[in-house]
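Read through the structure below, which is laid out as structure tokens, and then see the notes.
Each reported figure results from applying straightforward, stated rules to the coordinates on display, with no laboratory input. Keep in mind it's a predicted model, so treat the numbers as computed, not measured. Cβ sites come from the backbone with ideal geometry, for glycine too, and all protein chains shown count toward neighbours.
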Amino acid sequence: MHGEPALPEDFAHFPYVNPDAPKGGRVEYAWQGSFDSVNPFIVQGDAARGLVDLELGNNVFETLMHRSADEPFTLYPLIAKTVETDDERSFVEFTLDERARFSDGEPITPDDVIFTLELLRDKGFPRYATTAKKVSKIEKVGERGVRFTFAEPDRELPLILGLMPVLPEHAIDAEKFERSTLKPIIGSGPYLIDAIRPGESITLKRNPDYWAKDIPTKIGHDNYDQIRITYIRDDNTIFEAFKKGSTFINIETDTGRWSTGYDFPAARDGRVIKDEFEKRFPSGMYGFVMNTRRPVFADRDVRHALSGLFDFEWANRNLFNGAYARIRSFYDGSDLSSFGAPASDEERALLAPFPDAVLPEIFTGKWQLPHSDGTGRDREFLRKGMDALKAAGYRLEGRHLVDASGKPLSFEIMLNGPSAVPVATAWSRTLERLGISATIRVVDAAQYLQRQRVYDFDAMLFNYTSSLSPGVEQVFRWGSANRDIEGTFNFAGAAEPAIDAMIDALLSARTREDFETAVRAYDRVLLSGAYVVPLYHQPVRWIARWKQIDRPEVTPLLGPQLTTWWQADE
């Protein structure tokens, strides 16, 4: 995206793999939920995991290029052997590796690349159509080249296209592609679908003729002969299966369980290993999104006051065994965060046309969310919240906080299922002590998604994940153009010119320094808007594994890569 790749052209393998990892054995995963399709590219159906995804790997389907887990946003050759673009990024041309083959032995051709983009544009997830609309022309170049000319220069688009899967034109019925199916689709990845038990499990087996097993980007990956993913609806049942050895790896998210739940024989005697990985990528923003389309949240000062009334210290102590850290930025824990640092001259220049977009304390790096003593009865904490609400025009009338017209401050918190009720209750009870009514509404997944899609909520819980290379997805989340379009991620209803300008700046940055400047300025605008009540993040990642599963000594920037682990001698 910016600068030069970290590795030379003749690199042998990624630095975070074990190039001598043994091949063979098997791994058993569990995933919460179910599935009714093996087509992961379409809207219809719930697709099985592990076919093409960031967590379990692009095992069946591959992309033109391969992301490095040790760099913020750098791609290396895979199906595409070389890539060419200009300084303006007005086009990208991929030359395909002459060795590249689908699992049926047929070569991957430029026609397959063109076919895939057009197929996904017309039949796939909407994000593919969004990408395709930015391409004005696709053409074959010679025997193995394919060139994409852009409607307008776009620095990120060559990388987005580089992460596009390639599907076989000769083996796909384009007319029926948008329908969910349990019939395996041919890919070019290291594994084949071996067995499907709908809704229960999917088993992958190594393709002995995998074309890319010896190229540098794949050395040290794909070490198992067999991968099985079992689907279980209940998280506790997943853990019980792991305890019994039915699954070999458990990605843990429950703080209480990590602290006390691993006191079983296999963990005590060393047959189960608990690994903790320090996170080196941004926290993201997990919190209660306040819908500014609702009058109750239209005032920025009111949103800031409500954000300051989540008693994190009490919740962390009583609900999470002290395992979490408070989120202080959309990019907390990374160089992209603006927290605690004054705006640079370059940031100030970007923000100069928008003098009211950033609060003075956020400009100077002195902003902090209010802290409590953790008892749940901190009067000073409550007083600060009340003072902020009074400054925003509210007053206490009897037992209710009301605005100038006498209307009580009240709203509903929508939750997707009961799991987050304790967190919502913690916020609601604090607000109640100041005369604010925040009722909790738990709905099922279908209703939640529908209300989310049409912005039919006051406040809701959401996790805005972040990467070290935020890009065009930010338009979908926060761009003014998406405020009144149903189905976007602009849940807060943001319509702020400074947000749009900072997104433009980060998308057009030519150097990493300019990019980081733009993202920090963007972070300040979002924090100043107080669209989300910041909750907490886990500063480490927890993964437990049975001893027969081993892993590389080096953990890359983006965290542990399960595709590089292997089965060791038991």
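For residue 111, the shell of other residues with beta-carbons less than 14 Å away shows a net charge of -3, using +1 for Lys and Arg and -1 for Asp and Glu. Tilt of helix 421-432 relative to the longest C-alpha principal axis of the chain, in degrees (0 to 90, nearest 10)? In the chain, helix 421-432 runs at an angle near 20 degrees to the longest axis.
Phi angles of the range 465-474 translate, via the Karplus equation with coefficients 6.51, -1.76, 1.60 and θ = phi - 60°, into HN-Hα couplings of 5, 10, 10, 7, 9, x, x, 5, 4, 5 Hz per residue; Gly and Pro are given as x. Calculated mean residue ellipticity, 222 nm, the chain: -7000 deg cm²/dmol, from DSSP H runs (n ≥ 4) at -39500 (n - 2.57) each, averaged per residue and rounded to 500.
Straight-line cross-link partners of residue 123 among the aspartates and glutamates, defined as a Cα under 15 Å from its Cα and at least 8 positions apart when in the same chain: 169, 173, 175, 178.
Placing +1 on the Cβ of each Lys and Arg and -1 on the Cβ of each Asp and Glu in the chain, which of 542, 57, 422 has its Cα farthest towards the positive end of the resulting dipole? Of 542, 57, 422, it is 422. Placing pseudo-labels 7 Å out from each Cα toward the beta carbon at residue 275 and residue 396 gives an inter-label distance of 5.3 nm.
What number comes out for the charge environment of residue 311, summing +1 per Lys or Arg and -1 per Asp or Glu over other residues with Cβ under 13 Å away? Once all neighbours under 13 Å are counted, the net charge is +2. Once the dipole of the range 475-560 is set up with Lys and Arg at +1 and Asp and Glu at -1 on Cβ about the Cα centre, which of 515, 485, 505 lies farthest towards its positive end? Checked the options; the winner is 515.
Leaving out same-chain residues fewer than 8 places away, which aspartates and glutamates sit with a Cα under 14 Å from that of residue 243? Result set, ordered by chain and number: 28, 235, 252, 263, 269. Rounded to whole numbers, the Karplus 3J(HN,Hα) couplings from phi for the range 336-345 are 7, 6, 8, 5, x, 10, x, 4, 6, 4 Hz, using 6.51 cos²θ - 1.76 cosθ + 1.60 with θ = phi - 60°, and x at Gly and Pro.
Computed extension length for residue 444-residue 87: 123.6 nm, one decimal, from 0.36 nm per residue of separation with the Cα-Cα distance subtracted.
Among the GluC sites (Glu not before Pro) in the range 78-126, those placed in a DSSP loop whose Cβ has at most 12 other Cβ atoms within 10 Å are 88, 98. Relative to the longest principal axis of the Cα atoms of the chain, the long axis of helix 379-391 makes an angle of roughly 80 degrees.
Legend: residue pairs 133/176; 183/274; 133/205, Cα-Cα distance threshold 27 Å; pairs beyond threshold, 183/274; 133/205.
Over the range 329-386, all Cα pairs binned in 10 Å intervals from 0 give whole-percent P(r) values of 20, 38, 27, 13, 2, listed from short to long.
Would you give the gap between the C-alpha center of the range 224-255 and the C-alpha center of the range 1-45, rounded to a whole Å? So the separation of the two Cα centres works out to 19 Å.
Residues 478, 566, 542, arranged from fewest to most other Cβ atoms within 10 angstrom of their Cβ, appear as 542, 566, 478.
The calculated FRET efficiency for the pair residue 163 and residue 240, based on their C-beta separation and a Förster distance of 45 Å, comes to about 0.80.
Fewest neighbouring Cβ atoms within 10 Å first, the residues 540, 135 line up as 540, 135. Restricting the calculation to Cα atoms, every distinct pair contributes to the Kirkwood radius of the range 285-537, found to be 18.8 Å. With the contact rule set at Cα under 8 Å and sequence spacing of 6 or more, what percent relative contact order holds for the chain? Reported as a whole number, the value is 21 percent. Report, to the nearest 10°, how far helix 110-123 tilts away from the longest principal axis of the Cα atoms in the chain, using its own Cα long axis and a range of 0 to 90°. It is inclined by approximately 40 degrees.
In a reduced charge model with +1 at each Lys and Arg Cβ and -1 at each Asp and Glu Cβ, the chain shows a dipole moment near 1960 debye about its Cα centre. Peptide packing: for 444-454, 394-404, 493-503, the average count of neighbouring Cβ atoms within 10 Å per residue gives the ranking 493-503, 394-404, 444-454, highest mean first.
Classified by the C-alpha gyration tensor, the range 236-304 has a prolate form. Its axis ratio a/c, with a ≥ b ≥ c, is 1.5 or above, and a/b is larger than b/c.
Between the range 357-399 and the range 70-94, the alpha-carbon centres lie 48 Å apart. A full extension of the chain between residue 454 and residue 298 corresponds to an added length of 54.4 nm, given 0.36 nm per residue minus the alpha carbon distance. Of the residues 55, 28, the one with the fewest other Cβ atoms within 10 Å heads the list, and the complete ranking is 55, 28.
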